[in-house]
Amino acid sequence: MTFAIHGLAVARGIAIGRAVLVASSRVDVAHYFIAPEQVDVEIGRVRQARNAVIDEIRRLQRTIAHMGPKEAPHELAALLDVHLMLLQDEELILGVKHWIADRLYNAEWALTTQLEVIARQFDEMEDEYLRERKADMEQIAEKVLAAMKGLPSPLVVPPVRLPRRPSQQDLLLDDTLDVPLILVAHDLSPSDMLQFKQSVFAGFVTDVGGKTSHTAIVARSMDIPAVVGARLSSHLIRQDDWVVIDGDAGVVIVDPSAIILAEYGFKQRQGEIERGRLTRLLRTPAVTLDGQKIELLANIEMPEDAAAAVNAGAVGVGLFRSEFLFMGRHGKLPDEQEQYLAYRRAIEGMQGLPVTIRTVDIGADKPLDKAPREDAYLNPALGLRAIRWSLADPDMFLTQLRAILRASASGRVNLLVPMLAHASEIRQTLSLLDHARAQLDNRGVPYGDIRVGAMIEIPAAALIVKTFLKYFDFLSIGTNDLIQYTLAIDRADESVAHLYDPLHPAVLRLVAETIAECKRQGKDVCVCGEMAGDTSLTRLLLGLGLRSFSMHPAQILAVKQEVLRSDTNRLRDWAAQVISDEDPAIRLTMA
Ligand code: PEP
Ligand code: MG
């Protein structure tokens, strides 16, 4: 039966494919396709790992058989019996074989997929005792996965094999192989999303998340259709269901009828044609009708993203979110050399174009690791995040500053500091930067000239822009956080997503005033939040005087198209009216 789930549109386009349900805790399991000749090897890996776990349980059973009830309570023996039974369950074994042999999933992926299928069945059971066996299933999965780690996998770095787009025929015949896969999960952390950058999935759906949550941002940077905040989707969608993701409307259609499939197949092709058309603008300079040169920069998360930035025609990187180098490393942070090499790769990747490296912005919805920190506070977005985290650990911060300074010897580098609010924080940051330079001088290590800038992403900062401009060469407006902190809306919380409003007059005035003050003082200013890549806001930002936009590479050409059609002389007065309106969105849509 066809039904639709509504969520938040985060990454454009239409994806049609089969659902792959992945439990949030399992997303760091490798997902790749194997070659048909590797099927037996992969089935063998699962069998070997399962046998190893069975042997271990049997050994334990023998040991506890000799123990008294105090050392080995009766419940333990019963639990081991259950684990053994589950491991020998036919459905598990046959299911894993099916995913490997028929779908060519790698062993770990096949195992976790089948576990997800069985977990659903447990969820639906009436009997509470049986329902609780789901936890046992998860425990044995952990054990088998751990055992599999020791067994060689047929591929070390799996090649990404993107599935071909299905024809209508495939979809109607319910073909199994080679159709796109749509990842469905309750939640994904930003570092999980990074893993999926190299993956086989053609689209994402999550139950939770806001439009500018970092998970959504990474999905957007991957340029594949995604919907977040689609509550209950991971409960309502079953493994292998056909789904359509409408990334423009924020809708997920499950089990679509032939007519709906045909309609979305058409929309998908239209989207591809439109993208093809935009590529004609690749070499066209971004200049408005009245001759204003507009700088279109790229936001990147990893050095390797520089290639996509260059290919999209970016004239530099306006925001390199360096924290992605720090995440998911189980607390072992990258040292100076590792960071230096990563920054240098990004600089070299940009082929002489400038790169703005933002110092680490850990905290809020970007934890270092998935597990919550013991000292995590109730309000992480207001806690030890970004520059506050850096200043709280000067050695870590100095290491990063030295690495960025050293990398600046290989190209044009701007240093950007996130989430500053106080003049004292500014002075402390700049004094640590001097200290990092002195440390390199003492070691005789060369470094280049860098321009130093600050992000304006807290209303307090926007209100004291003059102070910021005393210290910094340039400013970059982080509208994602500026909106969050101005409106007191958690950007990652889908329950208040309808109130997260880039067009709130208070937000617009802070943005407008920051741009205006920079202009008065002849300093550069950029917007690097998601507003910069939103084509419905391009003319407004141009009218407010913005000349530098930084966004995901995939958005650059669409924004350029808007720029080419705009006349800033005509937009100035209109923009001033929009921001002084009670309800700017209405005037904007009427324009
Ligand atoms: C922002 O806040 O607008 C920004 C660009 O930084 P981030 O999204 O990484 O918080
Ligand atoms: Mg921010």
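The values are calculated or read from the model by the stated rules, or taken from the named source; none is laboratory data. All figures in this text were calculated on a predicted structure; none of them were measured in a lab. Note that each Cβ is placed from the backbone with ideal geometry, even for glycine, and that neighbours are counted across all protein chains shown. These accessible areas exclude ligands, DNA and RNA; they are computed on the full protein's heavy atoms, side chains included. Shrake-Rupley method; radii C 1.70, N 1.55, O 1.52, S 1.80 Å.
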Phi angles of segment 446-453, converted by Karplus (6.51 cos²θ - 1.76 cosθ + 1.60, θ = phi - 60°) into ³J(HN,Hα) in whole Hz with x for Gly and Pro, give x, 8, x, 8, 10, 8, 10, x
Positive-end residue, segment 478-591 charge dipole about Cα centroid, Cβ charges, pick of Cys528, His498, Leu482 = Cys528
May I ask you to give the percent of accessible area on the chain that is carbon plus sulfur, with a probe radius of 1.4 Å?
-> 54
What does the accessible area per residue of the chain come to in Å², with a 1.4 Å probe and no ligands, DNA or RNA counted?
-> 44
Size of the dipole of segment 36-148 about the Cα centre, Lys and Arg at +1 and Asp and Glu at -1 on the beta carbon, nothing else charged, in debye to 20?
-> 500
Reachable lysines from Lys332, Cα under 17 Å, same-chain residues fewer than 8 places away excluded?
-> Lys366, Lys370
Evaluate E = 1/(1 + (r/R0)^6) for Ala460 and His6, where r is the Cβ-Cβ distance and R0 equals 30 Å; express this FRET efficiency to the nearest 0.05.
-> 0.25
Would you be so kind as to identify which of Leu391, Ile64, Leu145 lies farthest towards the positive end of the dipole of the chain, taking Lys and Arg as +1 and Asp and Glu as -1 on Cβ and the Cα centre as origin?
-> Leu391
Rounded to the nearest 5, the percent of DSSP beta bridges in the chain running antiparallel is 35
Sorted by chain and number, the residues with a modelled amide H under 5 Å from that of Val317, at a separation of 5 or more or across chains, are Ala298, Val355, Thr356
Charges only on Cβ, +1 for Lys and Arg, -1 for Asp and Glu: so what's the dipole of segment 282-590 about the Cα centre, in debye to the nearest 20?
-> 940
So, for the Cα atoms of segment 408-487, Rg and Dmax in Å stand at 14.3, 48
Can you tell which of Gly352, Val39, Leu232 lies farthest toward the positive end of the dipole of the chain, using +1 and -1 charges on the Cβ of basic and acidic side chains (Lys, Arg; Asp, Glu)?
-> Gly352
Taking a quarter of the surface of the Cα convex hull of segment 282-590, what do you get in nm²?
-> 15.7
Glu272 accessible area, nearest 10 Å², 1.4 Å probe?
-> 90
Dipole magnitude of segment 271-416 about its Cα centre (Cβ charges: Lys, Arg +1; Asp, Glu -1), debye to nearest 20 | 380
Reachable lysines from Lys470, Cα under 19 Å, same-chain residues fewer than 8 places away excluded?
-> Lys519, Lys523
Starting from the Cα of Lys211, draw a straight line to each of the aspartates and glutamates and keep only those under 13 Å, dropping any in the same chain fewer than 8 residues away.
-> Asp248, Asp365, Asp481, Asp490, Asp493, Glu494, Asp501, Glu530, Asp534
Kirkwood Rh in Å, taken over all unlike Cα pairs in the chain | 26.0
